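In what follows, a single structure is set out as structure tokens and then discussed.
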Amino acid sequence: MPGNPLPDAEQLLTALIEQMRPAVGPDTGLIGIHTGGVWVAERVHQALKLKTPAAALDVSFYRDDYAARGLRRDVKRSEIPFEVEDRDLILVDDVLYTGRTIRAALNELFDYGRPANVKLAALVDRGGRQLPIAPQFVGGTLALKPGQSVALKRDAGGRLSLELREEKR
């Protein structure tokens, strides 16, 4: 989009896939975090031709700010169509920021079993961590001004793009 100061999400996705390619086996479980992480995981799964189906987590009930934020209207169902126990897993998120969503995802994930290991992939790392969480795979990093955030969008054809948002004060 003209005038968009953000990187192209499709190029970030290509970079992310190439980073992940040597580390992902056919039995690796990809688990996308709703909603954008699921979109990214689906595309990575397709590109790497994995035989284990992709999974999806909605961490709404596991967030540490659930009491303050309340429940979103668009809560999705978590679906993990494979055994988690002793499997290599990669959690996939669209935008990594404070790390709290990843902490919630790990809490939920361990309710399904004890994986052999868990790695983290993020399309965008925007810094600002509040927890000691770091991705092993990242499409790109992004520095934002205070009061800005970034969101992943998907058009009807499945093409991904990033949108800059200004927080209302």
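A short reminder: the numbers here are calculations on the coordinates, not readings from a lab. Quick caveat, the model's predicted, so the values are computed rather than measured.
Some observations on this one:
- Mean residue ellipticity (222 nm) of the chain, computed from DSSP H runs ≥ 4 via -39,500 (n - 2.57), nearest 500: -7000 deg cm²/dmol
- Under 12 Å from Lys51, Cα to Cα: aspartates and glutamates that are on another chain or at least 8 residues apart: Asp27
- Segment 136-169 and segment 1-41: distance between their alpha carbon centers, rounded to Å: 13
- Normalising the average separation of contacting C-alpha pairs (under 8 angstrom, six or more residues apart) by the number of residues puts the relative contact order of segment 9-166 at 24 percent.
- Taking the alpha carbon gyration tensor of the chain, multiplying each eigenvalue by 5 and rooting it gives semi-axes of 24, 20, 14 Å, largest first.
- Over segment 92-161, the Kirkwood radius and the radius of gyration, each from Cα atoms, give a ratio Rg/Rh of 1.01.
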